[in-house]
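The values are calculated or read from the model by the stated rules, or taken from the named source; none is laboratory data. Note that the structure is a prediction, hence the values are computed from the model and not measured. Cβ: placed from backbone, ideal geometry, glycine included. Neighbour counts: every protein chain shown. When the accessible area is computed, the model is the full protein with side chains, heavy atoms only, and any ligands, DNA or RNA have been set aside. Shrake-Rupley method; radii C 1.70, N 1.55, O 1.52, S 1.80 Å.
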Amino acid sequence: MSRNGTNGPLFAGYEPLAGVYDEIFDADARPRPDIAGVVRMFDALGKAEFRARQKIADHTFRKGGITFSVYADSQGVEKIFPFDLIPRTISPQDWKHLQAGMTQRVRALNMFLCDAYGDQRILAEGKIPRWLFEQSRGYLPEMRGVKPRFGVYVHVAGIDVIRRPSGELVVLEDNIRTPSGVSYVLANRMVMKRVYPTVFAQARVAPVDEYPMRLREALVATSPVQHAETAAVVLTPGAYNSAYFEHSFLARMMGCELVEGQDLFVHQDTVYVKTTRGPKRVDVIYKRIDDAFLDPEVFRKDSMLGVPGLVRAYAKGNVTLANAIGNGVGDDKAIYPFVPEMIRFYLSEEPILAQVETYICANEADRAYTLKHIDTLVTKSVDESGGYGMVLGPAASKAQLAEQAARIRANPRGYIAQPLVELSTCPTWAGESTAPRRVDYRPFIVTGKSTWVLPGGLTRVALTDGSYVVNSSQGGGSKDTWILEDVAR
Amino acid sequence: MISRVAGNCFWMHRYVERVENTARMLQVNGAFVLDVQLPDAQRWRPFLIVAGEQPRFDELFGAGKAHDGEVVQEYLTWDERCPSSILTALGWARENARTIRETISLEMWESLNEAWLWMKEGSARKLYQRDRHTFYNRVKDICLLFNGICHNTILNAEPFDFMRLGMLLERAGQTGRILDVKYHTFGREQGADETAGEVAQWLALLRSCAAFDPFLKLNRPLSGPEVAGFLILEDAFPRSVMHCLARAAEFLERIDAGSYPAAGGRRALPGLSALIAYVKPLTIGAILERGLHAELTHIIDATAGVCHAIHADYFDPVFDGAVRPAQSQVQSQGEAPA
C-alpha cells in the first residue's frame with residue numbers, strides 16, 4: 001500500500017507541527033500511550049474506509065437537519081456544522097485536573113455574581129477596580145438586590161480551554177450567559193457511535209447522554225415550587241436564530257416545552273404560557289435570549305422577543321431564570337483576568353487552572369502596549385462571542401489592524417489583548433490525508449444543588465490549514481471529545 | 001399544548017395534504033389529456049382555479065399560457081412565487097415541522113426534511129423531466145409516508161388531534177374544489193346522455209380524488225350525479241367531504257372537551273357542527289336542484305370559516321385579566337432564598 005495513495009493507514013505520513021502540542025501524537029510522531037490502541041484501530045481502518053464513513057456521517061447530519069445558521073452568509077440559512085470523524089481524546093489524568101478546575105472556577109463565578117449583585121465586597125476591598133466593574137456592559141444595575149434561588153447565577157457554563165505547547169491546559173475564556181454547543185456534543189456522539197461501533201466499544205469512552213437529564217435536574221432543583229410540579233420551559237428567539245437547533249434539541253431531550261416570548265405573559269408577577277387549555281403557570285425558564293431583549297419593560301423597549309414584566313416576576317422569586325440575568329459582567333473579558341482573584345477571595349484556594357495573560361485596554365499602560373504590538377497580539381471585544389470582534393494580529397492585513405486600533409482607541413474599555421497561543425493540534429481529515437489542525441475545547445458545567453461537569457464537551461477545530469480560528473461562524477468544525485476512562489477501574 | 005404550536009401542527013398537515021392533492025390532480029390530468037380531446041382552455045386552466053391561482057398565473061405569464069400544460073405544471077409544481085405549488089407547500093410544511101421539532105417524532109421530521117432536500121437539490125427535478133408520472137408518485141408517497149408515520153408514532157394527544165384536524169379540513173376543501181371546478185367544466189345537466197369522452201372525464205375526476213376503486217366497488221352507475229354524490233356525501237369514502245367533516249368534528253370535540261371555559265365561548269365547534277347538520281341530510285338530487293356550484297361554494301366557504309374560528313379559539317387566544325390557570329397553584333413558600 002503506497003504511503004500517500006488514496007488508501008493506506010489513516011495516519012500515514014502524519015507529522016505534528018514543530019513546537020506545538022499534538023493531542024494524539026508526540027513530537028516523534030508516536031501515538032500517546034493512552035490512545036495508542038485507538039490510533040491502531042483507526043490506522044487499520046484505512047483512508048478509503050474512513051472516507052466512506054465520513055459520507056455516512058455527513059448524510060446523517062443532513063437528514064437530521066442538525067444545522068446552525070450563519071448571519072454573514074449570502075444564503076443566510078442552515079448549514080451543517082462540519083464534523084470531523086477523528087476524535088479528540090483527553091487522558092484520565094488531564095480529565096481529573098480539568099474537572100476539579102472547572103468546578104472550582106464555576107463556584108467562584110457564582111459567588112462573584114452573588115456578591116456583584118449584592119454587597120459588592122470584592123469591590124469594597126479593592127480586589128477588582130470598581131470603575132472597571134461598573135463600566136462593564138454586562139453589569140445590569142437593575143438586578144442589584146435580586147437573589148436567584150440558592151444563589152445560582154450560572155446554571156450552565158461553557159468554559160473554553162486551550163493547551164499550550166508545554167502541554168498545560170489553560171482557560172481561554174468563560175461563557176456564562178447563553179453558552180451553546182452542547183447539542184453538537186450529543187449529536188456528534190450519536191453519529192460516532194453509528195459510524196464506529198467497534199472502535200467505540202474498545203476505547204472505553206465516558207458517556208455524555210446524561211447531560212439533558214442533569215440539566216433538567218438542575219433547573220427543577222432551583223425552581224420556586226415543589227419539584228414534582230415544576231413547569232420548566234426553554235425560551236428561544238425562534239426558528240431563525242443561529243442556535244435554534246440546539247434550543248429545540250434540548251427542549252425535546254428534557255421533555256420541556258419550547259416557547260417563544262410571544263407565548264408567554266406575566267399576570268400578577270407570575271409567568272404563564274398560552275396553551276390550548278388556557279394559561280399554564282411557568283416556574284423555570286431556561287432562556288436562550290440575550291438579557292437585553294428579555295423584557296421591554298426594563299431593557300430594550302423595541303424587543304419583540306421578550307416578555308413584558310418578566311423581570312418583575314423574577315425579582316419576586318416567582319420564576320427561576322437560567323442562566324440568571326446579569327451574568328455578562330462575569331464573562332466580560334476585561335473581568336476575566338480577575339477570576340483567579342475571585343477564587344482566592346471567595347474560596348481561599350489557589351486556582352487549579354491557569355489563564356492566558358491578558359492586557360486590559362481600559363488600562364492606559366496595557367492599551368499603549370496593545371496598540372504598539374497589535375500585529376503580534378490577538379485583540380478581542382470584551383463582550384462578543386462567536387469570534388466576532390476578534391482580530392488575530394499575525395494574520396491580519398494592515399487595513400484590518402488599523403481599523404481595530406481605531407476601535408480600541410474609540411472604546412478602550414471594550415477591548416482586551418492576549419498573546420497568540422500556539423494552540424494544540426489534533427489530526428483532522430484534510431481532503432487527501434490527515435493533517436494537524438488547531439483545536440480548542442469547551443466543557444459544559446451544570447449547577448443546580450451541586451456542580452457537575454459533562455465528561456465530554458465540544459472540541460472545535462480550525463479546518464483551514466494555518467488557521468487559529470475555530471468558531472462555527474468563521475469556518476470551524478467540530479470533533480467528538482473522548483474522555484478516556486481509567487483502565488484500572 | 002402551546003397555542004402557537006397547535007397552529008404549527010394544524011398547518012403542517014394542511015400543507016402536506018395540499019401537496020398530495022396537487023400531485024394527484026396534476027398526475028391524473030397528465031394522462032387524461034392524452035386520451036380526451038378538450039378545448040385548450042379546459043385542459044389545464046381548471047387546476048389553476050382549484051388552487052386559487054388563476055389571477056396570479058395570468059399576471060405572471062399571460063392568460064394565453066394557461067393552455068400550455070408544461071407551463072401550468074411547472075407553475076403548480078416548482079414555482080416559489082406560487083403559494084400552493086408543491087415545492088412551496090412542502091417547504092412550508094417542513095418549516096412548520098422545524099419550528100415544532102420537539103413536538104413531532106424524529107421520524108416525522110426526517111421524512112419531511114429528506115423530502116424537501118430531494119426536491120431542492122436536483123434529483124427530483126431530473127425525475128420530473130425524465131418520468132413525470134413517477135415523479136408525482138414519489139411526491140404522493142412522501143405524503144403517505146408522512147401521514148403513516150404520524151399515525152403510528154405520535155402520542156394520541158392534543159398535538160395529534162390538531163394535526164388530523166388540519167389534514168381533514170384541508171382534504172374536505174380540496175375534494176370540494178376539484179369537484180366544483182371539474183363539474184363546472186364538464187357542464188353536465190341532470191339526465192343528459194353520457195358519451196365515451198364524458199365517461200373518461202368522470203373517471204379522471206374520480207382518480208383525481210383517489211376515488212376510482214372505492215366508487216366502482218359500490219356498483220353505482222357511472223354518471224355525473226353519482227360521482228358528485230359520492231364525493232360529497234359518501235361517509236364510507238375517506239376523502240369525501242362528508243367523511244372529512246365528520247371525522248374532523250370528532251377531533252375538534254376532543255380538543256374542545258379538554259379546553260378551558262372561554263369568556264364568550266368558542267366558535268369553531270359550533271360552526272363545524274352546524275355545517276355537518278346542513279350537509280348530512282342532503283341528497284345529490286337536492287344539491288343539483290339548488291345548483292352544485294352554489295352548494296359547494298357554501299360548503300367550501302363554511303369550512304374555511306371553521307378554520308378561521310379554530311385560529312381564534314386555539315392558536316391565538318386572548319387571555320384577559322381574568323386568568324384562571326389550568327393547574328392549581330401549589331407555591332412552596334418554605335425555602336428561603338439563598
Inset, instruction - Calculate the spin-label point distance for A:Glu403 paired with A:Glu350, positioning each point 7 Å from the Cα along the beta-carbon direction, and give it in nanometres. - result: 4.4 nm
Inset, instruction - Could I have the simple spin-label model distance between A:Met190 and A:Ala292, label points 7 Å from Cα toward Cβ, reported in nm to one decimal? - result: 3.3 nm
Inset, instruction - Sequence neighbours fewer than 8 away in the same chain don't count; with that in mind, list the lysines whose C-alpha is under 20 Å from A:Lys147. - result: A:Lys287, A:Lys316, A:Lys449
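Tell me the carbon and sulfur percent of the accessible area for segment A:392-454, rounded to whole percent, probe radius 1.4 Å.
That fraction is 52 percent.
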Inset, instruction - Quick one: dipole size for chain B, taken about the Cα centre, charges +1 on Lys/Arg Cβ and -1 on Asp/Glu Cβ, in debye to the nearest 20. - result: 260 debye
Inset, instruction - Would you list which lysines come within 24 Å of A:Lys479, measuring only between C-alpha atoms, while excluding same-chain residues fewer than 8 positions from it? - result: A:Lys47, A:Lys55, A:Lys63, A:Lys79, A:Lys96, A:Lys193
Inset, instruction - Convert each backbone phi in segment A:262-271 into a coupling constant with the Karplus relation 6.51 cos²θ - 1.76 cosθ + 1.60 (shift: θ = phi - 60°), then list the ³J(HN,Hα) values in order as whole Hz, x for Gly and Pro. - result: 5, 7, 10, 8, 10, 9, 6, 6, 10, 8
Inset, instruction - Report, largest value first, the span of the C-alpha coordinates of segment A:278-413 along each principal axis, in whole Å. - result: 61, 42, 23
Inset, instruction - With only Lys, Arg, Asp and Glu charged, each at its Cβ (+1 for the first two, -1 for the last two), find how big the charge dipole of the protein assembly as shown is about the Cα centre; round to the nearest 20 debye. - result: 700 debye
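Would you please give the FRET efficiency between A:Glu168 and B:His308, computed as 1/(1 + (r/R0)^6) with r the Cβ-Cβ distance and R0 = 60 Å, to the nearest 0.05? Walk me through the numbers on the way to the answer.
Working: r = 65 Å, r/R0 = 1.09.
That gives a FRET efficiency of 0.35.
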Inset, instruction - Can you give me the P(r) profile for the protein assembly as shown? Cα pairs, bins 10 angstrom wide beginning at 0, each as a whole percent. - result: 2, 12, 19, 20, 17, 14, 9, 5, 2, 0, 0
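Where in chain A are the DSSP H helices whose C-alpha atoms run 27 Å or more along the long axis and whose mean Kyte hydropathy is at least -1.0? Mind showing how you got there, number by number?
Values: long enough: A:92-116 (35 Å, -0.42).
Qualifying helices, which must be both long enough and hydrophobic enough, are A:92-116.
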Inset, instruction - Return the single residue from B:Lys217, B:Lys65, B:Lys120 with maximal mean-square fluctuation; model: Gaussian network over chain B, springs between Cα atoms under 10 Å. - result: B:Lys217
Legend entry - In range of the label at B:Asp58: residues from segment B:77-91 whose backbone nitrogen is under 19 Å from the point 7 Å along Cα→Cβ: B:82-84
Legend entry - 17 Å Cα-Cα reach of B:Lys217 towards aspartates and glutamates, excluding residues that sit fewer than 8 places from it in its own chain: B:Glu226, B:Glu234, B:Asp235
Inset, instruction - Rank these residues by their accessible area, most exposed first, probe 1.4 Å: B:Arg247, B:Arg138. - result: B:Arg138, B:Arg247
Inset, instruction - Set the Förster distance to 45 Å, then compute FRET efficiency between B:Asp213 and A:Thr6 from the Cβ-Cβ distance, nearest 0.05. - result: 0.25
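With solvent modelled as a 1.4 Å probe, how much accessible area in total do chains B and A shield from it at their shared surface, in Å² to the nearest 100?
Values: alone 16250 and 21010 Å², together 33270 Å².
When B and A are taken together, about 4000 Å² of accessible area is lost.
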Legend entry - Under Karplus coefficients 6.51, -1.76 and 1.60, residue-wise ³J(HN,Hα) of segment A:117-132 in Hz, glycine/proline x: 9, x, 7, 6, 4, 5, 7, 4, 8, x, 6, 10, x, 4, 5, 5
Inset, instruction - Only residues of segment B:267-293 count here: report those whose backbone N is under 12 Å from the spot 7 Å along Cα→Cβ of B:Arg220, or say none. - result: B:283-285
Inset, instruction - Give me the percent of the accessible area of segment B:1-99 that comes from carbon and sulfur atoms, probe 1.4 Å, all protein chains in place. - result: 51 percent
Legend entry - Mean Kyte hydropathy of 0.5 or more with a Cα span along the axis of at least 15 Å, helices from DSSP in chain B: B:196-208, B:268-279, B:292-310
Inset, instruction - Consider a paramagnetic label point 7 Å from the Cα of B:Ala200 along Cα→Cβ; state which residues of segment B:218-238 have an amide N under 18 Å from it. - result: B:222-224
Inset, instruction - Please work out how much accessible surface A:Asp34 shows to a 1.4 Å probe, ignoring ligands, DNA and RNA, in Å² rounded to 10. - result: 80 Å²
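Where both residues lie in chain A, what percent of DSSP beta bridges are antiparallel, nearest 5?
The answer is about 70 percent antiparallel.
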Legend entry - Virtual spin-label span in nm between A:Glu341 and A:Lys301, 7 Å along Cα→Cβ: 3.7 nm
